[in-house]
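For reference, the structure discussed in these notes is given below.
The values are calculated or read from the model by the stated rules, or taken from the named source; none is laboratory data. Please read all numbers here as calculations on a predicted model, not as lab measurements. Here Cβ is always computed from backbone atoms with ideal geometry, including for glycine, and neighbour counts include all displayed protein chains.
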């Protein structure tokens with residue numbers, strides 16, 4: 001289904017420039033992923049002047065490089081751009097993998113800069129003093145705090161036990177390093193008061209919509225060699241991640257929805273769109289990542305995401 005037909009099918013209350021603009025932005029940012037014999041979807045992000053792509057761990061598993069397929073409309077004629085990528089990090093317990101791509105799409109400047117989600121990771125050991133890694137800040141529901149995930153396939157000798165984290169605003173924190181579920185994946189736990197406010201503002205800390213205003217879920221995916229697809233359904237609830245998938249960290253939460261999806265949709269975009277509780281005419285959206293095709297009752301699962 002193309003965007004024009006999709007917009008005509010939306011509830012009349014969602015047919016406004018704000019909502020349509022949000023959906024159109026993520027229609028551009030969802031791409032197809034090719035990895036050995038497996039295909040999936042991914043979502044583009046911008047940090048400073050670089051482009052990253054996030055997808056599901058179970059889509060890429062052991063692959064350090066994947067190929068990305070972009071679809072554009074140029075004078076009403078679609079065309080395709082293929083580019084490779086470099087692994088930045090992956091985590092089985094979060095079902096998440098992030099890659100950097102050496103190319104900027106034409107809509108690069110339209111994308112919000114998410115530098116507030118990234119921390120520079122440095123180590124006190126003399127032999128590692130020149131090593132600097134990028135860490136991803138994530139909300140950790142289990143203890144109402146945050147984690148910074150980073151990835152290093154192998155250290156020379158034992159992994160370090162501590163590190164310093166420098167955030168986008170120049171603030172610095174020190175933390176202890178824990179090994180995560182995936183070999184090479186590490187994390188540092190931090191309290192909320194150790195995280196810059198601009199970073200915390202990006203996360204879905206509480207549900208902003210009145211319970212009677214059930215939000216719409218818009219599902220956008222690009223399953224491999226199939227056309228890009230967009231569907232919509234309803235938000236059905238929220239659940240602890242390890243109750244849905246035992247491999248997920250017990251501190252994570254997922255959303256349940258009934259928007260249709262197909263094979264190859266994992267890693268695609270699940271947008272929750274609904275009225276803000278404090279603004280009768282405004283809308284807010286939350287970006288989530290599609291994970292599972294169907295539960296026993298036919299509903300779908302997406303990871304809890306960021307405020308847009």
**OP:** Kindly indicate whether residue 153 is modelled with pLDDT of 80 or more, within 28 Å of residue 291 (Cβ to Cβ) and either in the same structural domain as residue 30 (by TED's automatic domain parsing) or assigned to a loop (DSSP other than H, G, I, E, B) (or both).
**Re:** yes
**OP:** Determine if the range 35-42 includes at least one residue that is in contact (Cβ under 8 Å) with a residue 60 or more places away in the chain, surrounded by 18 or more Cβ atoms within 10 Å (Cβ to Cβ), touching a strand residue (DSSP E or B) at 6+ places or on another chain (Cβ under 9 Å) and part of a helix (DSSP H, G or I).
**Re:** no
Original post:
For the subset of the range 160-172 comprising residues that are surrounded by fewer than 16 Cβ atoms within 10 Å (Cβ to Cβ) and in contact with a strand residue (DSSP E or B) (Cβ under 8 Å, 6 or more places away or on another chain), which member is farthest from residue 188 (Cα to Cα)?
Top reply: 172
**OP:** Return only the number of the condition from (1) outside any loop (DSSP other than H, G, I, E, B); (2) farther than 20 Å from residue 201 by Cβ; (3) in contact (Cβ under 8 Å) with a residue 12 or more places away in the chain that residue 116 does not satisfy.
**Re:** (2)
Original post:
Any residue in the range 135-144 that is in the same structural domain as residue 64 (by TED's automatic domain parsing), surrounded by fewer than 12 Cβ atoms within 10 Å (Cβ to Cβ) and either outside any strand (DSSP E or B) or at positive phi (or both)?
Top reply: no
Subject >> Top-ranked residue in the range 53-107 [being part of a loop (DSSP other than H, G, I, E, B) and crowded, with 21+ Cβ neighbours inside 10 Å; ranked as modelled with the highest pLDDT] >> reply: 56
Original post:
Of all residues in the range 185-201, how many are without any contact (Cβ under 8 Å) to a residue 60 or more places away in the chain, surrounded by fewer than 19 Cβ atoms within 10 Å (Cβ to Cβ) and assigned to a loop (DSSP other than H, G, I, E, B)?
Top reply: 1
